[in-house]
Each structure stands twice: as C-alpha cells, then as structure tokens.
Number of protein chains: 2
Amino acid sequence: MKNKADLLNQYWTDIYFHLHYIHTDKITHQAIRIMQLIDKQGNIGVSEIASFLNVSHNTASEHVKRLENKQFIIKKRDPADERKAFICLTGRGKEVLDRNTSLDQEKLKQVLNELDEKEQCAIEQALKILSERAKQCKF
Amino acid sequence: MKNKADLLNQYWTDIYFHLHYIHTDKITHQAIRIMQLIDKQGNIGVSEIASFLNVSHNTASEHVKRLENKQFIIKKRDPADERKAFICLTGRGKEVLDRNTSLDQEKLKQVLNELDEKEQCAIEQALKILSERAKQCKF
DNA sequence: CAATTATATCGTATTATACGATACAACAAA
DNA sequence: TTTGTTGTATCGTATAATACGATATAATTG
C-alpha cells in the first residue's frame with residue numbers, strides 16, 4: 001500500500017501530464033529553473049543563481065547572459081552596491097515560464113467547468129492550503 | 001481580479017517551487033518529457049515520441065538512443081510487428097523522472113504532518129478529483 | 001515482388017552547459 | 001590612499017544535446 005505522499009505525487013504528476021501546455025518553446029531545463037527562481041523569490045542576482053543551480057559563478061553568469069539575449073530577463077544594478085545586478089523577468093519571460101510550468105488555462109477551465117461549485121471550491125481551498133503551508137514550512 | 005484558473009496556477013507553481021526535489025541530475029527537458037510520456041501513457045514507440053515532441057522520426061530515434069545509453073529506458077520489440085519498438089522506463093529511469101517531476105516526499109510529508117486530518121483528507125480528495133477529471137477530459 | 005512503414009545511423013550545423021583563467025568595477029578595511 | 005575582497009563578465013576549451021536530410025536495413029502489406 002502506497003503511503004500518502006506517493007499517492008499525492010501520483011495525482012500531482014497525472015494532473016500535470018494531462019493539463020500542461022503543449023510545449024512549443026525551445027527552452028531548456030536550466031532556463032526554466034532560473035526563471036522559476038526569479039519569479040518566486042525576489043532579490044536574485046548571479047550569485048543566488050549559481051547557488052541555486054549549484055554551478056560556478058561564471059557558469060551562472062553565462063546562463064544569465066543567454067536569457068538576457070533572449071529577452072526573457074533584464075538586469076538592473078543594485079543602487080546600494082553597483083557591483084550587483086538584480087534580475088527580473090520580462091513580460092516575455094513570464095509568458096515562456098508560464099507556458100512551461102503552469103497548467104494550460106483553457107484545459108484547466110474546461111475541467112473546472114465540469115465540476116460542481118462545491119468541488120471547485122474544495123480544489124481551490126486545498127491548493128491554497130497546500131501552497132501556504134509549503135511556503136511557511138522550513139525544510 | 002484574477003480568474004480562477006490564474007489563481008489555481010499561482011498555487012500550483014508555488015507548491016512545486018517550494019516542494020520540488022533539489023535538482024541534482026544533469027537531465028534535459030526533452031529527456032523528462034519523453035520519460036513522462038512513457039510513464040503516463042502506454043504503448044510508446046519512436047513514432048509516438050516524434051509526434052509528442054513534434055520532431056522528426058530520426059531525431060526521436062536519437063533521443064531514444066541517448067536515454068537507452070543512460071539506462072533510463074529499454075526497448076522491446078513488438079511481437080505483432082517487429083519493426084516497432086516498445087519503450088519502457090527502467091527502475092533508474094523512474095527514479096530520475098520522479099526526482100525531476102514529483103514533489104519531494106520528505107518535504108510533502110512534513111507539510112502534511114503539520115495539517116490536521118481533515119485538511120489532509122481535503123487535499124487528497126481535491127487532487128484525486130482533479131486528477132480523475134483531467135484524465136477523462138477531452139481537449 | 002514491389003511498395004510502404006518503422007526505425008537506425010551518419011554527417012552536419014547550431015546551441016547549451018560547464019569551468020578555469022583572467023579581467024574589471026565597486027566596496028570595505030586598514 | 002592603498003590594499004584586499006567581492007560581484008560579475010569574458011574568453012578559451014571541452015563535452016553534450018538538439019535537430020534534420022540523406023541514406024540504409026528490416027519487416028510488413030498488398
């Protein structure tokens with residue numbers, strides 16, 4: 001008998017598999033990971049990316065450069081320390097990230113439309129709770 | 001005001017961001033997509049992979065070869081048509097896929113442990129419903 | 001037997017990933 | 001003011017991944 005975490009992961013990966021966007025972007029894993037970090041956590045510079053990806057600072061710098069060239073991110077200097085750069089997603093970057101990590105909005109809507117209001121509400125509350133607790137939890 | 005699909009996607013990507021495994025594998029996007037397809041849908045051959053990724057059959061064949069070399073997948077001949085190969089994940093392939101697409105089991109357990117039984121049950125039921133409907137829905 | 005299908009290999013071109021060495025700019029401490 | 005440190009960037013180098021057209025082989029189908 002599977003434990004609960006296994007079961008939830010089964011559901012989790014099934015949901016993603018069936019509801020993800022058709023992947024059309026030629027995008028790589030490292031690009032997605034970096035943009036996820038930028039999107040979900042503020043105050044990101046090259047050093048933070050190097051740590052997050054567990055690569056050297058020069059490698060992280062190259063990654064940032066490539067994403068900048070693709071206009072997925074922009075860099076701003078930290079006024080408090082002009083050696084540092086703050087890295088932000090552009091609108092275009094957000095769109096690419098969305099298409100490669102989120103559930104397809106049309107598919108999700110269609111699924112929700114076939115649920116009754118109570119079920120919809122239950123799903124929303126459940127994901128909300130899980131999201132909030134996931135953020136709060138110290139690992 | 002965001003629509004519901006936006007909101008759910010916010011939760012969805014937040015959950016993944018906070019609960020994913022630390023990425024240690026040097027794995028690429030195409031590898032993950034292929035293994036997801038094999039894992040979630042049976043009867044996969046090179047042609048199906050070419051369609052799924054929207055690449056040519058020779059490119060798909062190269063992808064399959066690389067995954068085979070890494071011992072993430074194995075190929076079996078279809079007895080009904082020996083030109084065709086059935087592609088299956090190895091144990092190792094499943095582990096790599098899990099680490100790169102599932103929520104980290106320890107993190108998930110820790111979060112669940114801080115919820116009461118009612119909340120846990122609600123989350124399980126919600127993901128179950130969403131998973132089942134996602135599978136059934138025609139897009 | 002000829003045509004078609006499924007896959008594999010090779011050559012080629014481009015892009016991505018990674019790092020050590022090195023460099024420059026900015027900051028901090030003495 | 002000088003020296004040491006920090007943060008990032010660039011370059012050269014090596015390897016791997018992605019993609020396809022051309023070509024080949026084996027198996028199936030009509």
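The values are calculated or read from the model by the stated rules, or taken from the named source; none is laboratory data. Small disclaimer: the values here were computed from a predicted structure and weren't measured. Cβ placement follows ideal geometry from the backbone for every residue including glycine, while neighbour counts extend to all protein chains displayed. Heads up: the accessible areas ignore ligands, DNA and RNA and are worked out on the full protein's heavy atoms, side chains in. Shrake-Rupley method; radii C 1.70, N 1.55, O 1.52, S 1.80 Å.
Roll a 1.4 angstrom probe over the protein heavy atoms and tell me the percent of accessible area of chain B that is carbon or sulfur. Mind showing how you got there, number by number?
Details: 3640 of 7670 Å².
Of the solvent-accessible surface of chain B, carbon and sulfur hold 47 percent.
From Cα pairs below 8 angstrom and at least 6 apart in sequence, can you work out the relative contact order of chain B, rounded to a whole percent? Present the calculation step by step, with values, prior to reporting the outcome.
On the way: 101 pairs, mean separation 34.1, N = 139.
Relative contact order here is 25 percent.
With every protein chain in place, what's the accessible area of A:K40 (1.4 Å probe, Å², nearest 10)?
50 Å²
Taking every residue in B:22-33, how many Cβ atoms of other protein chains lie within 10 Å of its Cβ, on average?
Shielding by partners across B:22-33 averages 3.
With +1 on each Lys and Arg Cβ and -1 on each Asp and Glu Cβ, how big is the dipole of chain B about its Cα centre, in debye rounded to the nearest 20? Could the numbers behind the result be given before it?
Working: 23 positive and 20 negative charges, 120 e Å.
With only Lys, Arg, Asp and Glu charged at Cβ, the dipole is about 580 debye.
Assuming R0 = 30 Å, what is the FRET efficiency of B:K65 and A:N69, from their Cβ-Cβ distance, to the nearest 0.05? Write down the numbers at each step before the final one.
Values: r = 31 Å, r/R0 = 1.03.
Efficiency computed from Cβ-Cβ geometry: 0.45.
Once you order the gyration tensor axes a ≥ b ≥ c over the Cα atoms, which shape class does the protein assembly as shown get: rounded for a/c under 1.5, otherwise prolate or oblate by comparing a/b with b/c?
The shape class here is oblate.
For B:103-112, what's the mean count of beta carbons from other chains sitting within 10 Å of each residue's beta carbon?
Counting Cβ atoms of other protein chains within 10 Å of each residue's Cβ and averaging gives 6.
How would you classify segment A:29-80 from its alpha-carbon gyration tensor, with a ≥ b ≥ c the square roots of the eigenvalues: rounded for a/c under 1.5, else prolate if a/b is greater than b/c, otherwise oblate? Could the numbers behind the result be given before it?
Working: a/c = 1.23, a/b = 1.12, b/c = 1.10.
Rounded is the answer for segment A:29-80, as its axis ratio a/c remains below 1.5.
As a check on your grasp of the helix formula, calculate [θ] at 222 nm for the protein assembly as shown: sum -39500 (n - 2.57) over DSSP H runs of n ≥ 4, divide by the residue count, round to the nearest 500.
Details: 14 runs with 178 residues, N = 278.
Per the formula, -20000 deg cm²/dmol.
Would you mind giving the mean number of other chain beta-carbons within 10 Å of the Cβ of each residue in B:42-48, as a whole number? Before the final figure, lay out each step's value.
On the way: counts 0, 0, 0, 0, 0, 0, 0.
Counting Cβ atoms of other protein chains within 10 Å of each residue's Cβ and averaging gives 0.
In debye, nearest 20, what is the charge dipole magnitude of the protein assembly as shown about its Cα centre with +1 on Lys and Arg Cβ and -1 on Asp and Glu Cβ, if you could check? Could the numbers behind the result be given before it?
Numbers: 46 positive and 40 negative charges, 167 e Å.
That gives the protein assembly as shown a dipole magnitude of about 800 debye.
Is chain A rounded, prolate or oblate when judged by the Cα gyration tensor, a ≥ b ≥ c being the square roots of its eigenvalues, rounded requiring a/c under 1.5 and prolate requiring a/b larger than b/c? Walk me through the numbers on the way to the answer.
On the way: a/c = 2.20, a/b = 1.83, b/c = 1.20.
It is prolate, given that a/c is not under 1.5 and a/b is the larger ratio.
To the nearest 20 debye, what is the magnitude of the charge dipole of segment B:23-103 about its Cα centre, counting +1 on the Cβ of each Lys and Arg and -1 on the Cβ of each Asp and Glu?
For segment B:23-103, the charge dipole is close to 160 debye.
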